[in-house]
Every structure is written in C-alpha cells, then in structure tokens.
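Take a look at the structure below.
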Amino acid sequence: MVADVAGEDTQAQQGDAAGEDTQAQQGDAAIACPPGARFKPGSAAFVEATAPWGLSGVQGARMNVVDYDNDGWADLLVHGGGVNQFQAGGNRDTWLLRNTGKGGFEDVTQSSGLLQRRLKPSPQEGVGAAAFCAGDLDNDGDVDFFLARSMAAGSTDTESNEVLLNDGKGHFVLGPADNPARAMGQVAVPTSAALVDFDRDGILDVWVVHNMPGGAQQPLQDRLWRGDGSGRFTDVTKASGLGTQPWSNIKLLNNAKGHSWAWAATACDLNNDGYDELLTASYGRVPNHLWRAEPGDNGVKFINESVDSSYAYDAGLDWTDNLSAQCHCKDVPTDPGCDKVPSPNPAVCAQLKSSFGPSYRWNHAYDREPWRLGGNSGTTVCADVDNDGWFDLLTNEIKHSDVGSSSDESELLFNLGDPLVRLFRMGNTATGLVREHKNDYWDNGDITSAIYDFDNDGWLDVHIAASDYPGNRALLWRQTAQRKFEAVAPADFFERYRAAGVAAADFDHDGDIDVVTGHTRMRCEGGMGADCQPDNQIHLHLNQLGGHYVAVLLRGGEGSNGAAVGARVAVSAGGIHQMSYVDGGHGQGNTQRDPTLHFGLGDSCNAELTVTWPDAKHTVEKFAVAADKRYRLTQGGKPVEQ
C-alpha cells in the first residue's frame with residue numbers, strides 16, 4: 001500500500017516549500033523568467049570541448065556517469081576489462097575522471113584505488129571489469145562500486161567479482177573477502193549488471209547477466225545476488241523464481257525459458273507497483289527475458305513474462321526473405337517450407353558462401369523457430385518516453401540487411417499500463433525512428449544508446465550510438481509530439497562515426513544535457529576503416545541551447561537504500577507530466593545514468609515534484625520547486641538548493 005506522506009508532516013513541509021521562501025523564489029522567477037530556449041534546425045546544439053576539459057588520451061566505448069565523491073558534480077567512468085598500468089606510457093583502458101566543477105576532469109583512477117588488486121596488489125597496476133555499478137552498498141552515505149568479472153571454472157588465481165567500498169573521502173577499499181558474490185572458482189561471463197533493491201528492504205542487491213563461455217555451446221544462468229548491507233551478497237536466483245534451463249528443446253526455447261545469451265541487464269518498475277522488473281537483452285537472435293516482480297507473503301518472486309510482454313522478440317517471424325534461407329532452399333528445395341521461398345540471386349549466394357561457409361548463415365532445423373527470429377539485442381533503456389506515467393523501453397539491435405525482416409530492429413516498446421506488464425511496438429515508421437541506407441546491403445550496429453531531453457522542451461529524445469560497422473554513427477531523433485520523432489541533422493548534433501558508448505549529463509551545470517561519445521575500432525581493418533578514428537579517443541560535446549530545467553539529486557532515508565536507486569520522480573510543469581528514476585546500471589558492457597535527475601521544463605518557471613521512495617511503504621513526498629535550479633533532497637527532508 002502506498003503511504004502518501006502528504007499528511008500533516010509533509011503538508012507542513014509542502015506548506016513551507018510553497019510558502020514564503022518558495023513563493024518569493026517563484027515570484028522573482030515569474031518576473032525574470034523568459035520563454036524557454038528553442039532548438040532551431042540549422043543551428044548547432046553542441047560544441048566539442050574534449051581537449052579543454054582534459055579528456056585528450058582517454059579512450060573507450062563504455063561509460064558510467066557517477067558522483068563518486070558526492071559533491072553534486074557528474075563524474076565520468078570510462079571502462080574496460082583489462083590490466084591498467086599507471087606508469088608513464090603504460091596500457092590503460094579504464095579511467096575514473098573527477099569533475100572539478102571548473103570546466104575540466106582530472107584522472108583519479110590510481111589515487112582512488114577503484115581498480116586495486118586483491119591478488120598480487122601493486123600501486124602501479126590495476127585491473128578493470130566487465131561491468132561497473134555505482135551505489136551505496138553499505139548505506140553509509142557514500143558511493144561504492146560492484147565490479148563483475150569473467151572467471152574460468154575452478155580458477156582461484158584470477159581477480160573475481162568485487163565490492164569496492166568508499167571510505168567517505170573518495171578512496172576505495174576492498175569489500176569482504178568472504179563475500180559469496182566473489183564466486184571464486186565458478187565459470188562466469190558477465191556482460192552487464194544492475195544494482196536494484198528488488199525486495200525493498202533498503203539494501204541494494206545486484207542483477208548480473210551472463211553470456212556464453214568461449215567455445216561453449218551453452219550460455220549461463222543469469223544471477224540475482226541479495227545484499228546484506230555489509231558488502232556481502234547471497235545468491236537468491238532460484239529462490240526468487242529466476243531459474244532458467246540449459247538449451248535442450250525447442251518448445252522451452254520458444255517460450256524464453258532457456259538461459260539467455262545475455263548482452264545487457266536492466267531493472268525498472270514497469271507496472272508501477274513499487275517493485276522493479278528484471279530484464280536481460282540477448283545476443284544471437286535468441287529471446288530477451290522480462291521478469292515481473294510479484295511481492296507476496298514469502299517475499300518477492302519473479303514471473304517470466306518475456307513472450308507475453310512482447311519483449312522476447314517482435315512479431316516478425318517470416319524467415320523467407322532471409323537471403324541465407326533462400327540460398328539454402330535453392331540448394332535443398334525439398335526441405336520443409338522451401339516451396340514458398342523466393343529464388344535468390346546466385347551472385348548473392350556465392351558471396352554468402354564465401355563469407356560464412358557452405359551452410360551460409362542458416363540452420364534450417366532451428367532458424368525458422370521463434371527463438372531464432374529475434375534480435376541481436378544490446379542495451380535496453382527504460383524511460384517514460386511518451387510522458388504517460390509508465391516507463392517504456394528502447395531496444396538496441398544489430399541488424400544485417402541480408403537477414404531480412406524477421407531480425408528485430410531497434411525500436412520503442414510503449415507501456416500499455418497492464419499490471420502483468422504488456423508492451424506494444426508501434427514500429428519505426430510510425431514513430432519516425434527511421435534512417436536512410438546508402439546501399440542495398442547494410443549493417444546497423446546499434447549496441448548502446450541513451451534517452452535524454454537535449455532541448456529542454458519536456459519531451460525525451462532518442463540517441464542511438466551506432467557502431468562496429470562502416471557508415472554507423474551517432475544518431476539523434478527529437479521528439480516533436482507524443483511518440484513522434486524527427487531526425488536531427490549531424491550538423492546540428494555532431495557527426496561521430498563508430499560512436500560506441502554514450503554518457504549524458506549536465507557536466508558544466510549550465511542547465512542543459514551534455515554528451516560524451518566513445519569509439520570502437522571494431523571492423524576497422526583495411527577498406528572497412530575509412531570512417532574510423534586512429535584510436536578510441538572519447539569526445540565531450542557541450543550543449544549550448546540552454547532552456548528551463550530542474551535537477552534533483554536524491555538521498556535515501558529510513559527504509560531506502562542510501563543512493564535512492566529505484567526512486568521514481570515525477571515532475572509536472574506547464575501541463576506536461578514527466579517521470580524518471582535513479583538508475584543502478586544497465587546496458588551492454590554496462591553504463592549508468594547520472595544520479596542527478598534532469599527535467600526540461602519548456603516555458604515553465606516552476607514545477608511540482610513527486611518522489612516515490614524505494615522503501616517497503618513506497619513513501620511519497622511532494623514539493624513545489626522553482627525552475628533553473630539544482631536541488632539535493634534527502635528522504636524526509638526538504639529540497640535544498642545546490
């Protein structure tokens with residue numbers, strides 16, 4: 001039952017917040033508040049500031065926005081999984097970059113201790129991870145990290161999953177050595193993780209999803225680890241109903257009951273019941289998983305809604321336009337279903353055979369089944385895109401033209417508001433999330449993305465960081481009306497090819513969202529690399545549009561986790577109702593959104609803020625706030641201007 005704290009105490013708070021001080025603020029704002037900024041096609045929204053901000057030499061494709069030192073300024077974690085050598089000229093693939101608040105970043109990776117080794121420690125060397133998640137794991141008021149790492153079966157001499165606890169001064173120490181989530185000796189191929197308080201006990205847990213070990217024919221079980229507040233986590237996967245099966249029969253796989261081939265994790269509340277659903281996006285065109293949280297007398301259990309929710313795969317199951325299938329049926333016309341398959345171009349078949357072998361890329365026994373007709377799914381982003389008070393999903397998919405219409409494409413899945421979690425796919429033609437291809441044969445490398453309001457008009461926009469194939473670049477679509485999008489020209493946005501990875505935050509505190517893009521040199525060899533950078537240098541693009549906004553950084557109080565991960569914030573202003581939440585990590589290779597939630601306000605100069613805290617009571621607090629300000633809000637208190 002939701003406990004609306006708009007009772008006597010909170011009404012008093014609201015009376016204070018909307019009383020003399022805030023009335024004065026809003027009165028002043030009403031006098032001085034001009035119309036909001038307007039984006040005008042033909043004018044550049046961003047300007048590059050990579051070198052002036054001290055980012056030259058920082059390279060990578062996966063980025064988290066964190067506030068590791070709790071100073072209210074968005075810091076940046078650019079990360080990989082390799083060994084980092086801190087001496088001059090040493091190899092680096094991970095950087096923890098402190099925002100100085102003075103128009104720059106400083107490298108604090110070594111001094112922070114974030115990458116320290118448990119085995120063979122050395123001050124001159126650190127080791128990265130497959131996934132990093134930031135949150136207050138021990139509820140002491142500062143930001144800790146969970147690091148997920150790959151491990152071989154039986155291995156005891158490699159670095160494992162680790163908890164890094166913040167000492168309150170921005171320096172990290174290793175968590176407990178007896179933490180079960182270190183999972184020493186267990187085979188692990190984590191690709192993503194999400195911090196989440198799944199049972200609303202006020203302590204963060206972690207959802208870790210796994211890919212397939214090299215050379216194996218079976219992926220691994222995704223795992224939910226329950227935190228105890230000390231930096232230790234216990235495996236509650238099976239007890240919570242999240243168990244899946246090895247790939248053993250087609251019926252099981254079609255119903256998304258086999259292990260995922262995980263590429264990305266997500267956790268968010270899709271049915272507004274106060275508990276987060278758990279999602280896994282799968283590579284290899286196998287089903288994505290969506291687990292609905294169902295609280296009960298015996299705790300929170302999860303129900304597999306993957307297929308029924310429409311998240312597992314889209315409804316496009318016609319495999320007959322797959323060119324490899326057509327070539328196979330030309331070779332073996334008596335195979336089932338081949339009588340309905342169009343004849344292929346022999347030259348195309350020759351090229352596919354040259355590239356993929358005599359079977360092309362087709363297995364006639366399996367590849368006609370729904371479990372093989374999904375997408376190569378990367379990041380899934382959770383956001384209330386259409387401002388209807390329900391979180392929607394943006395999927396990211398790698399898609400190749402020769403595979404045909406059955407391969408899922410990146411698209412928005414809108415929430416129907418069903419307690420059982422049901423989503424619908426309008427399609428990109430209807431929403432406007434379309435792109436042009438210069439050739440008949442193309443590859444969309446959509447692996448990472450972000451959703452943010454770049455023009456502060458109160459409507460979220462979509463950024464897909466397409467990469468890994470020639471011609472792929474950062475793409476931005478502006479939402480011009482509910483569920484309607486228009487592409488922003490590269491000259492008005494920025495032209496970044498192979499732009500893997502994206503981090504969006506108001507890094508300079510000027511009231512609009514800035515963007516950092518990464519880079520990958522995947523498939524940059526020879527003639528395929530004409531649009532590649534010489535290295536994986538990241539780029540900072542500062543937004544110069546301005547506009548009205550409000551930003552809020554939450555801190556959990558009694559009954560909530562300290563970082564307020566999972567807290568939901570609704571903002572009403574000028575007839576527009578927006579909603580966001582505090583992210584605990586998500587996406588392929590892991591990213592994390594700014595813990596400070598940013599809302600564009602259009603022409604409005606004040607707003608009503610409604611916070612639903614992630615505690616067992618689902619406590620609700622409401623406040624009146626003024627535009628163009630940044631607030632820090634601790635549960636049970638009042639918004640404090642930063």
Would you confirm, using the coordinates I've provided, whether Pro176 is modelled with pLDDT under 95 and part of a loop (DSSP other than H, G, I, E, B)? no
With the requirement that a residue be part of a loop (DSSP other than H, G, I, E, B) and of a type in the set (D, E, K, R), what does segment 359-378 give you? Arg361, Asp367, Arg368, Glu369
Matching residues in segment 260-283 - criterion: being among the polar types (S, T, N, Q) and farther than 20 Å from Phe132 by Cβ: Ser260, Asn271, Asn272, Ser282
Count of residues meeting criterion [more than 18 Å from Leu542 (Cα to Cα) and among the aliphatic types (A, V, I, L, M)] in segment 465-499: 3
Residue satisfying all of: in segment 583-599; outside any loop (DSSP other than H, G, I, E, B) and over 8 Å from the mean Cα position of the chain (by Cα); surrounded by the most Cβ atoms within 10 Å (Cβ to Cβ) among these: Phe599
May I ask you to verify whether Asp205 is charged (D, E, K, R) and under 24 Å from Gln186 (Cα atoms)? yes
Any residue at all in segment 247-266 that's in the same structural domain as Val421 (by TED's automatic domain parsing), farther than 30 Å from Arg368 by Cβ and of a type in the set (A, V, I, L, M)? no
Positions within segment 476-487 being hydrophobic (A, V, I, L, M, F, W, C) and within 22 Å of the chain's Cα centre (by Cα), in sequence order: Leu476, Trp477, Phe485, Ala487
Long-range neighbours under 7 Å by Cβ, at least six apart or interchain, first residue at negative phi and among the polar types (S, T, N, Q) within segment 614-642, second surrounded by fewer than 20 Cβ atoms within 10 Å (Cβ to Cβ) and at pLDDT below 95: Thr619/Ala3
Would you check if there is a residue in segment 284-300 being part of a helix (DSSP H, G or I), more than 21 Å from Ala131 (Cβ to Cβ) and touching an Asp or Glu at 6+ places or on another chain (Cβ under 8 Å)? no
Which one of these does Val434 not meet: (1) modelled with pLDDT under 95; (2) in contact with a helix residue (DSSP H, G or I) (Cβ under 7 Å, 6 or more places away or on another chain)? (1)
So Met151 passes all but one of these: (1) modelled with pLDDT of 95 or more; (2) buried (at least 20 other Cβ atoms within 10 Å of the Cβ). Which condition number does it fail? (1)
Checking Phe233 against (1) surrounded by 24 or more Cβ atoms within 10 Å (Cβ to Cβ); (2) out of contact with any helix residue (DSSP H, G or I) (no Cβ under 6 Å at 6 or more places or on another chain): exactly one of these is not met. Which one? (2)
Assess whether Trp263 counts as being part of a strand (DSSP E or B) and aromatic (Phe, Trp, Tyr). yes
Among the residues in segment 295-304, are any touching a residue at least 40 places away in the same chain (Cβ under 8 Å), closer than 30 Å to Lys484 by Cβ, of a type in the set (Val, Ile, Thr) and touching a strand residue (DSSP E or B) at 6+ places or on another chain (Cβ under 6 Å)? no
Members of segment 312-330 found to be part of a helix (DSSP H, G or I) and either under 34 Å from the mean Cα position of the chain (by Cα) or of a type in the set (Lys, Arg) (or both), listed by number: Leu323, Ser324, Ala325, Lys330
The listed residue being crowded, with 21+ Cβ neighbours inside 10 Å, on the phi > 0 side of the Ramachandran plot and in the same structural domain as Asn536 (by TED's automatic domain parsing), out of Gly72, Gly113, Gly60: Gly60
Would you mind finding the one in Asp367, Asp388 that is surrounded by fewer than 23 Cβ atoms within 10 Å (Cβ to Cβ), of a type in the set (D, E, K, R) and over 29 Å from Asn249 (Cβ atoms)? Asp388
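The values are calculated or read from the model by the stated rules, or taken from the named source; none is laboratory data. Everything quoted here is computed from the prediction, not taken from an experiment. For neighbour counting, all protein chains shown are included, and Cβ atoms are generated from backbone atoms with ideal geometry for every residue, glycine included.
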